[in-house]
1. Near Trp78, within a Cβ-to-Cβ distance under 12 Å, what is the net charge of the other residues, with Lys and Arg +1 and Asp and Glu -1?
2. With just the Cα atoms defining each centre, how far is the range 166-190 from the range 321-380? Give it in Å.
3. Can you give the net charge of the other residues whose Cβ lies under 13 Å from the Cβ of Met143, counting K and R as +1 and D and E as -1?
4. Only four residue types carry charge here, +1 at the Cβ of Lys and Arg and -1 at the Cβ of Asp and Glu. Report the dipole size of the range 229-370 about the Cα centre in Debye, rounded to the nearest 20.
5. Where is the GNM fluctuation largest for the chain (alpha-carbon springs, 10 angstrom cutoff): Ala104, Ala296, Ala35?
6. Expected output is a single nm value to one decimal: the length gained when fully extending between Arg311 and Ser56, i.e. 0.36 nm times separation in residues minus the C-alpha distance. What is it?
7. So what's the back-of-envelope 222 nm ellipticity for the chain, counting only DSSP H runs of four-plus at -39500 (n - 2.57) apiece and dividing by all residues, rounded to 500?
8. Please list, in order along the range 104-112, the HN-Hα scalar couplings obtained from phi with the Karplus expression 6.51 cos²θ - 1.76 cosθ + 1.60 (θ = phi - 60°), rounded to whole Hz, x for Gly and Pro.
Amino acid sequence: MGTKQTGRKRSRRMTASIVLLSLFTFTGIFAPILANRNPVLFIQDHHWYFPACSSSTYLFIRDQSSEKKLMRMDDINWEKIPSDFLVHAPVRFSPGKSDPDRFALNPPSAQSHLLGTTRTGADVLSGLIHGARYSLMIGCCSMLIALFIGIVMGGLAGYFGDYSITCSRYAAAGVFLLILPAWYYAFGLFPINMNDAIQNGILSGLIKLGFRTGIFIFICLLPIILPAILKKTNRRSGAVSIPVDSIISRFIELFVSIPRLVLIVTLSAIMRPSLTGLILIIGLTSWTEIARIFRAEILRLRTLEFVQASRVSGASDLRTLISTILPNAIAPVTIFFFLGIAGAILTEAGLSFLGIGVPHSISTWGSLLFAGRENFEAWWLVVFPGLAVFLLLWSLHNLGDYLKQNIPGSRGRFVNNF
């Protein structure tokens, strides 16, 4: 009887979580249509315009004097512009935009702002609607980056181990001797000014850094690559195993030894605030647990019969890893992916609450909480954004728990890896 009641409660929680996640996803996707001071549809002289969904700042339309002008959309009074047809958004306020009629803190009111306004007169409900979009974008994109890095690092460490890849002693000595020259040609000959790279955009800076890192790795591995291409080996030189698993595991331990929150706060404070930068920072600091879980699954699966059969059939290591092992090892990683989205959203909210997250021009739930920190009397700036963060995190955790309980064989391995 108790088991049935527990199952029913879990099923109800899962249903509520799916409904909430669907609501948040719908709100995030259609945020420009749901909350915007610009109309969703504007028809003038049989020309159709969609100002709410337009990326343009200006619109060439007739003004009050029936003269066609290039007008800035934020300055248009849509009620006075002649139109054939006009459809407004359900919430007629844009996030972060001040209401000229209420340029102050205002509590929730059924006549104007349902959830109140900030100190600058910005509508809180509009900020919550658009904040759902940014929160889901930050959580999903950052965890996709972490998932890719974690699967690559964990797959290499678990599949190849410490003794699968060997090279001659001369090649190993060549790699060791080429480290300093490779560093000079990759980073010393044309040094990267990271401050300039950050000012030009963190994405371009990371692309440059990744390109230089690729050059460094390529030069270091030349003694191993060239004999493999030329198919020339020196039998007298002996063989040396490359400890791939030990190298990656030590790197993960070194990365984990640095407190993650301190690392994120430091990078966020150094770099220029941007949405792309925040996604990259969270993604590049969230892959270690995924790598550990995936490595443990690879170590378990590589000894099973179907993996051995794939090797015996002549499949390459890459094909065996991608087509045979990956589909069977992805279940615990999928669970951690959804739990990681919740952690990424909470991290963004915390950073924005501290004032070092996304730019101030972007309205997020954390920025609304930050506005509440500056105005203690405005309880609505804390209650409504905090409730939205709580409901989204609760839904994601329930989804992760449901997957952990229902994916065959994932429960014990997932818990043990933590």
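1. On the way: positive: Arg37, Lys80, Arg92; negative: Asp63, Asp74, Asp75, Glu79.
Here the charged neighbours net out to -1.
2. A separation of 40 Å, based on Cα centres.
3. Working: positive: none; negative: Glu289, Glu348.
The answer is -2.
4. Details: 13 positive and 7 negative charges, 166 e Å.
Result for the range 229-370 is approximately 800 debye, rounded to the nearest 20.
5. So, out of Ala104, Ala296, Ala35, the one fluctuating most is Ala104.
6. On the way: separation 255, 0.36 × 255 = 91.80 nm, distance 5.58 nm.
Working it through step by step, the gained length comes to 86.2 nm.
7. Details: 17 runs with 248 residues, N = 418.
Only helices count here, giving -19500 deg cm²/dmol.
8. Result, rounded to whole Hz: 5, 5, 9, x, x, 9, 6, 7, 10.
Each reported figure results from applying straightforward, stated rules to the coordinates on display, with no laboratory input. These numbers were taken from a predicted model, which means no experiment stands behind them. Cβ: placed from backbone, ideal geometry, glycine included. Neighbour counts: every protein chain shown.
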